[in-house]
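Sharing a structure, written as structure tokens. Questions coming.
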Amino acid sequence: MTPASIVQKLWNYCNVLRDDGMSYGDYVEQLTYLLFLKMADERTQKPYNQKSIVPDEYSWQSLIKRDGDELFDHYRHVLEALAREKGLLGLIFGKSQNKFQDPAKLRRLIVDLIDKENWSRMSADVKGDAYEGLLNKNAVESPKGAGQYFTPRPLIRAIVDAVAPQPGEQICDPACGTGGFLLAAHDYIVASNEHLTSAEKKKLKENTFKGVELVQGVARLCAMNMLLHGIG
């Protein structure tokens, strides 16, 4: 499935949720929580066999096995519990709230739209570009204040081209929004250096980029955006 088709599939469902009063930004935020839990679950299975950082009682499987009001209540407890965790979990789920009004619509998003895809096996380009597409759609559809966290991509590319970041440099965006400049800097380095060593690739993925963001909700979108693009 292409990034465009995934975005369209997820975005079409947002139009359904608007009837319940959920905004575009709320929808992308709820997707962030659920996609993170789904991918954490996928990484525990073959071929990864990794230990999940999400406690079992709040895992993706704990959501899938529930329905109706039981699912609704459990999802709220999951968000509240994970918001108290440290590190990446605390960053993704900090101050999180259940914005759904209808348990059936929450169940449909979980089962029909997210669970049917294997997000971990998609290339970083596909799932990262799909998420970026949703952020872009949100900025276009909700233009008020969009510049706060979504700088136009042509402007980002022009600035990154002028700065010309290089392998081994530390790159920091002190007002990172959803991470557009960080991702563009990553792409520039990869495109400009065809023969990066294994050590350089590891440093690029894990220890090159840092961002600062004042707004909790935008910070979580940035963290998820980076993760979906394969950057730790």
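Need at least 2 residues that are closer than 25 Å to Ala130 by Cα, in contact with a Cys (Cβ under 9 Å, 6 or more places away or on another chain) and open to solvent by less than 30 Å² (accessible area, probe 1.4 Å) per element, so show me which helices (runs of 4 or more DSSP H) inside the stretch 1-97 make the cut, counting only ones lying wholly within it. Reasoning before the result, please.
Details: elements: 3-17, 24-42, 60-64, 68-83, 87-93.
Those helices (runs of 4 or more DSSP H) span 24-42.
Each row is one residue, and each column tells you yes or no for (1) over 24 Å from Pro3 (Cα atoms); (2) open to solvent by 70 Å² or more (accessible area, probe 1.4 Å); (3) modelled with pLDDT of 90 or more.
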site: Pro143; (1), (2), (3): no, yes, no
site: Gln148; (1), (2), (3): yes, yes, no
site: Thr151; (1), (2), (3): no, no, no
site: Cys172; (1), (2), (3): yes, yes, yes
site: His186; (1), (2), (3): no, no, yes
site: Lys205; (1), (2), (3): no, yes, yes
site: Val212; (1), (2), (3): yes, yes, yes
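Each row is one residue, and each column tells you yes or no for (1) open to solvent by 60 Å² or more (accessible area, probe 1.4 Å); (2) over 17 Å from Gly25 (Cβ atoms); (3) touching a residue at least 24 places away in the same chain (Cβ under 8 Å).
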{"site": "Val126", "(1), (2), (3)": "no, yes, yes"}
{"site": "Asn138", "(1), (2), (3)": "no, no, yes"}
{"site": "Val160", "(1), (2), (3)": "no, yes, yes"}
{"site": "Glu194", "(1), (2), (3)": "yes, yes, no"}
{"site": "Glu200", "(1), (2), (3)": "yes, yes, yes"}
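The values are calculated or read from the model by the stated rules, or taken from the named source; none is laboratory data. The structure displayed is predicted, hence computed values, not measured ones. Because the Cβ atoms are built from the backbone with ideal geometry, glycine has one as well, and the counts that use them run over all protein chains shown. These area figures cover heavy atoms from the full protein model, side chains too; ligands, DNA and RNA do not enter into them. Shrake-Rupley method; radii C 1.70, N 1.55, O 1.52, S 1.80 Å.
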